[in-house]
Amino acid sequence: MSSRLDESITGVKGVGEKKAALFLKLGIKTVRDLIYHLPRSYIDCTSPVPVMMTELGGVNVVEVEIVRKQAPARIRKGMTVFRLLATDGTDDLTVTIYNLQYLFDSLKIGEKYLLCGKVTGNLTRREMSSPTVIKSTSADKIIPVYPLTAGLNRNAVTVAVKNALSLVRPDELEFLPADIIKKAGLMPEYDALRAIHFPRTRGEAEPARKRLAFDELLTLRLGMTEMRERVRRSTTFAMKPVDISGYTSALPFRLTGAQLRAISECMRDMACPTPMNRLLLGDVGSGKTAVAAACCYFAAKNGAQSVMMAPTEILASQHYDSLRGFLEPSGVRVGLLTGSLTKKQKTAVVDAAKNGELDVIVGTHALFQTGVEYSRLGLVITDEQHRFGVAQRSALAQKGENPHRLVMSATPIPRTLALMIYGELDISVLDELPAGRKEIKTYAVTGKSLRSRAMAFVRKELDAGGQAYIVCPAVEAGDGAMKNVVDYAKELSEGEFSGYRVGVLHGQLPAAKKDEVMRDFKDGKYDLLVCTTVVEVGVDVPNASVMTVENADRFGLSQLHQLRGRVGRGERASSCILITDNPSEDVRKRLKILCSTNNGFEISEADLEIRGPGDFFGSAQHGLPPLKIADLASDSELVALAQSTADSLTDTGRISLPGCEPLRERVKRLFERVEE
Ligand code: ADP
Ligand code: MG
């Protein structure tokens, strides 16, 4: 059956080569891409108000007739102003249009239009500028608002979408079996797309959105299951049970019950002929590294190599130090491979890895560059996994003969989200902190006087021999509201912290420099470290006892919790001070959650609820196909429905039977996108 869906959009009426190039900037190549380019929001022109009833300063919809068009005025180079006079029959409205000649030309004297735009004026006169315009006679009075790009206006996209929709037959878009649609109470696919682009009423868009969200969740879940099955079908080398007391007895502490449980789950997996595929989920400080080290020990005693990949150089070298400390006493050989090594150092590590002279190789992405080979790779561990994408995850798994995989996440993710994001993995949870951890006291601070008291408190800690962090948002020149870390550090070291040793750390420093600063801080060469969220992940400085966060309202709760986890790692009683100038009730409520609990899982639940999953990791760092429509937080019922539908399709084997081809096709396409 031939379908136009996968043909180029140049086949759509009104889309030529030139427009097609612009659409490409939006990631739209095919007819299918175009009809799935969904509106961000709508402008609802269904209920216009009389001109004099418009709200000053607000966006309003009016229905008016054009009375007069003035001659265009060129006020400066590249800026032409068009003015029109319109009336609703009772009152006049002056309309101003900037630069859009075609819009001005399209408005005809004596015709009626619906205009939506910001209204200014006074008690007796009203003006509207840069309105969105449709004809009064238009059938579509709810206007879709699309993501656009320069050169492509709303109208061009709207028309293209409309024409694209008219090219496809409703039945060729449907990919779900009829009984599933019926049981889940969903709209047919074509109707859903039509309604989400061009809803006739306000109410029509919601069931359409529900159908498309269900599609997303269902295909995502099926794709995850398939990934998992693919791993399960492959074989690896099954390791033999090993007594790990040689490892545990060399540790400077006793493992927690949760750590022991996770270790035995991993050992059980690794003793199977199918690769382990496990996520180790644990709050900051729950001791994931010691679990990872146990797995490396287990692999080494089985004659297999392990690699451990971290997202940054700092973290990689810290893991290297920890793993060496944990493993070398029991004779396991650990090496470090990062981009910043000298050529000579690199060659030495690469050779040692290849010759099997190393049991564990810790590093960054450099671990998987071409030219790096392992003699008997049995275990791949990745830390802070959300910084790597699904595609990277599978690329990693391809080195060696299907090695066992352990993924560590420092973000305690709510279970619903974990299932979505890590659906292809088994999960071990570290839900217990090592004994003797002191609770980190957290305070939220607003206003100048409280702020200076907080700074005095920090100085007191430094005087008592402690160290402190002050985190402020990313280095960003030119934004007056945000403090540039470098300038801010200077300000502090000349002002409130003069006489103290102040270090600066931010993401734009070269990797080697970052490493050096962090190391110096760890070695006590600085009292205070002024930094960006570079320190967010895993860096361990036991003597640091205060974490201060400026503009705390700019961070997500989970991120703040991660930051807080940088202190409270040693003997000192520790605290976290969250500073904000934002006095809003909303901010206060959010920060209060952090002050009231140290439980990362609780915090991430709250975060998910407040910010939604899109923002969850800062910027879609989880590498999943982005959910364009579904909202994991508010669509929880739909998530459950999609999950049970997907699971029953796979459990019964129906997914591989005739009738499910279009659905399988969908799943495949979803993941192809990710690989790109
Ligand atoms: P995270 O889970 O955040 O990666 P780490 O593995 O970095 O945590 O561990 C945090 C700190 O706790 C490290 O200094 C580590 O040596 C220590 N640690 C780990 N397990 C235990 C334990 N069972 N008892 C005491 N300290 C521990
Ligand atoms: Mg860690």
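With respect to Ile361, determine if the residue is modelled with pLDDT of 95 or more, under 34 Å from the mean Cα position of the chain (by Cα) and open to solvent by less than 40 Å² (accessible area, probe 1.4 Å).
Against the criterion (modelled with pLDDT of 95 or more, under 34 Å from the mean Cα position of the chain (by Cα) and open to solvent by less than 40 Å² (accessible area, probe 1.4 Å)), Ile361 qualifies.
Please indicate, with yes or no, whether at least one residue in the stretch 216-237 is of a type outside the set (Ser, Thr, Tyr) and part of a loop (DSSP other than H, G, I, E, B).
Yes, the stretch 216-237 contains at least one residue that is of a type outside the set (Ser, Thr, Tyr) and part of a loop (DSSP other than H, G, I, E, B).
Which numbered condition in (1) modelled with pLDDT under 90; (2) within 16 Å of ligand 1 (Cβ to nearest atom); (3) of a type in the set (Gly, Ala, Ser) is the only one that Gly223 fails?
All conditions pass for Gly223, except number (2).
Only one of (1) more than 16 Å from ligand 2 (Cβ to nearest atom); (2) under 18 Å from Pro434 (Cβ atoms); (3) among the hydrophobic types (A, V, I, L, M, F, W, C) fails for Met270. Which number is that?
For Met270, the exception is condition (2).
Condition first: within 30 Å of the chain's Cα centre (by Cα), in the same structural domain as Asp215 (by TED's automatic domain parsing) and touching a residue at least 40 places away in the same chain (Cβ under 8 Å). Can you find one or more residues in the stretch 177-195 that meet it?
So far as the stretch 177-195 goes, yes, one or more of its residues are within 30 Å of the chain's Cα centre (by Cα), in the same structural domain as Asp215 (by TED's automatic domain parsing) and touching a residue at least 40 places away in the same chain (Cβ under 8 Å).
Mind listing just one residue for me: the one in the stretch 318-334 that is within 14 Å of ligand 2 (Cβ to nearest atom) and buried (at least 22 other Cβ atoms within 10 Å of the Cβ) and, of those, nearest to Val407 (Cα to Cα)?
Only one residue tops the list, namely His319.
List the helices (runs of 4 or more DSSP H) that sit entirely inside the stretch 522-612 and contain at least 2 residues that are outside the structural domain of Val284 (by TED's automatic domain parsing) and under 16 Å from Leu433 (Cβ atoms).
557-564, 600-611
Listed residues Asn163, Asn122, Asn99; which is within 35 Å of the chain's Cα centre (by Cα) and open to solvent by 20 Å² or more (accessible area, probe 1.4 Å)?
The match here is Asn163.
Can you tell me how many residues in the stretch 132-148 are within 34 Å of the chain's Cα centre (by Cα) and surrounded by 15 or more Cβ atoms within 10 Å (Cβ to Cβ)?
Number satisfying all stated conditions: 6.
Considering only the stretch 228-238, I want to know if a residue exists there that is modelled with pLDDT of 90 or more and either closer than 30 Å to Arg664 by Cα or crowded, with 16+ Cβ neighbours inside 10 Å (or both).
Scanning the stretch 228-238 turns up no residue that is modelled with pLDDT of 90 or more and either closer than 30 Å to Arg664 by Cα or crowded, with 16+ Cβ neighbours inside 10 Å (or both).
So which residues in the stretch 188-206 are in contact with a Leu (Cβ under 9 Å, 6 or more places away or on another chain) and either surrounded by fewer than 16 Cβ atoms within 10 Å (Cβ to Cβ) or assigned to a loop (DSSP other than H, G, I, E, B) (or both)?
Pro188, Phe198
So if I check each of Val161, Val133, which one is at pLDDT 90 or above and within 20 Å of Leu5 (Cβ to Cβ)?
Answer to the check: Val161.
What residue, of Gly303, Gly257, Gly246, is touching a residue at least 60 places away in the same chain (Cβ under 8 Å), open to solvent by 10 Å² or more (accessible area, probe 1.4 Å) and within 16 Å of ligand 1 (Cβ to nearest atom)?
Sole residue among the options that is touching a residue at least 60 places away in the same chain (Cβ under 8 Å), open to solvent by 10 Å² or more (accessible area, probe 1.4 Å) and within 16 Å of ligand 1 (Cβ to nearest atom): Gly257.
What residue, among those in the stretch 519-572 that are within 16 Å of ligand 1 (Cβ to nearest atom) and small (Gly, Ala, Ser), is modelled with the lowest pLDDT?
Gly538
Check the stretch 435-451 and report whether any residue there is crowded, with 20+ Cβ neighbours inside 10 Å, over 28 Å from Thr235 (Cβ atoms), modelled with pLDDT under 85 and within 16 Å of ligand 2 (Cβ to nearest atom).
no
Being basic (Lys, Arg), surrounded by fewer than 16 Cβ atoms within 10 Å (Cβ to Cβ) and at pLDDT 90 or above is the filter here, so list the residues in the stretch 35-73 that pass it.
Residue satisfying the conditions is Arg68 alone.
Name every residue in the stretch 280-308 that is within 14 Å of ligand 2 (Cβ to nearest atom) and out of contact with any Lys or Arg (no Cβ under 7 Å at 6 or more places or on another chain), in order of residue number.
Leu281, Asp283, Val284, Ser286, Gly287, Lys288, Thr289, Ala290, Val291, Ala292, Ala293, Met308
Just the residues that are out of contact with any Asp or Glu (no Cβ under 8 Å at 6 or more places or on another chain) and open to solvent by 40 Å² or more (accessible area, probe 1.4 Å), please, taken from the stretch 510-521.
Pro510, Lys513, Glu516, Arg519
The values are calculated or read from the model by the stated rules, or taken from the named source; none is laboratory data. Since the model is a prediction, treat every value here as computed from it, not as a measurement. Cβ coordinates were reconstructed from backbone atoms using ideal geometry, including for glycine residues, and neighbour counts include every protein chain displayed. We work out accessible area using only protein heavy atoms, side chains counted, and drop any ligands, DNA or RNA first. Shrake-Rupley method; radii C 1.70, N 1.55, O 1.52, S 1.80 Å.
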